[in-house]
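Inspection log for the structure reproduced underneath, given as structure tokens.
The values are calculated or read from the model by the stated rules, or taken from the named source; none is laboratory data. The shown structure was predicted, so the numbers you read here are calculated from the model rather than taken from an experiment. FYI the Cβ positions are ideal-geometry reconstructions off the backbone, even for glycines, and counts take in every protein chain you see. Only protein heavy atoms, including side chains, enter the accessible area calculation; ligands, DNA and RNA are left aside. Shrake-Rupley method; radii C 1.70, N 1.55, O 1.52, S 1.80 Å.
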Amino acid sequence: MTETTTAVPAPRAVPAAAPTGEDTAPAGGSDPQAPTAPELLTPEEAARALTDAPVRLTRGFLGLDPVTQNTALLARHIGDREIQVLRYGEALLGYTVNPLQPRQAHVATTSADPAPLDALLGFLADYQRATSFVAEVPGGTPVLPALESCGFTPCGVLPGHLFHSGRYREVLVLHTDREG
């Protein structure tokens with residue numbers, strides 16, 4: 001059985017993320033004609049993409065850890081948790097709907113550029129009717145500026161929540177609303 005990727009329509013015209021050469025997906029031929037619509041990845045493709053991306057950008061991506069989880073385990077967790085992973089240019093975006101609050105989505109990005117994340121939030125607001133968004137990121141992550149540019153504000157800290165480089169580290173919890 002072969003699975004194919006499907007294109008997800010962009011909710012509004014947002015310019016594709018211009019690669020900065022820093023804090024984006026792995027180097028290796030950035031395409032100046034990046035797609036304007038996000039591409040939905042299968043769990044297996046998403047697992048491979050997370051494994052191939054720089055660790056500093058993917059660690060803690062919606063509770064996943066490509067360092068300690070192999071590709072098969074990542075794919076299983078992505079499927080079991082109903083995580084949707086999209087590629088937008090060179091950035092990986094992810095979301096999952098909170099089962100206890102269907103209008104709330106947990107989101108993640110691997111880009112310091114806010115354009116891909118803003119496109120995802122717009123899509124979720126328009127097509128999933130989400131009004132509340134939560135992100136959990138390790139302290140000192142390079143994607144924090146993108147979250148803050150999209151209106152995320154810190155609302156809590158989970159001390160010792162992520163084990164990395166031989167010690168437990170804090171995770172920042174950020175939140176934003178988009179009332180329609």
When you scan the stretch 135-143, do you find a residue that is of a type outside the set (Phe, Trp, Tyr), closer than 18 Å to residue 40 by Cβ and at pLDDT below 95, even just one? no
So which residues in the stretch 33-81 are touching a Ser or Thr at 6+ places or on another chain (Cβ under 7 Å), at pLDDT 95 or above and of a type in the set (Asp, Glu)? 45
Please state which of the following conditions residue 104 fails to meet, knowing it meets all the rest: (1) modelled with pLDDT under 95; (2) surrounded by fewer than 24 Cβ atoms within 10 Å (Cβ to Cβ); (3) within 20 Å of residue 78 (Cα to Cα); (4) not hydroxyl-bearing (Ser, Thr, Tyr). (1)
Residue 74 passes all but one of (1) in contact with an Asp or Glu (Cβ under 9 Å, 6 or more places away or on another chain); (2) surrounded by fewer than 17 Cβ atoms within 10 Å (Cβ to Cβ); (3) of a type in the set (A, V, I, L, M); which number fails? (2)
Inside the stretch 121-153, the number of residues satisfying the requirement of being open to solvent by 10 Å² or more (accessible area, probe 1.4 Å) and touching a His at 6+ places or on another chain (Cβ under 8 Å) is 5
Among residues belonging to the stretch 154-175 that are open to solvent by less than 60 Å² (accessible area, probe 1.4 Å) and at pLDDT below 80, point out the one that is nearest to the chain's Cα centre (by Cα). 162
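Does residue 6 satisfy being exposed (fewer than 15 other Cβ atoms within 10 Å of the Cβ), more than 22 Å from residue 114 (Cα to Cα) and at pLDDT below 50?
Considered against the rule, which asks whether it is exposed (fewer than 15 other Cβ atoms within 10 Å of the Cβ), more than 22 Å from residue 114 (Cα to Cα) and at pLDDT below 50, residue 6 comes out as yes.
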Have a look at 65, 80, 52 and point out the one that is surrounded by fewer than 21 Cβ atoms within 10 Å (Cβ to Cβ) and closer than 11 Å to residue 92 by Cβ. 52
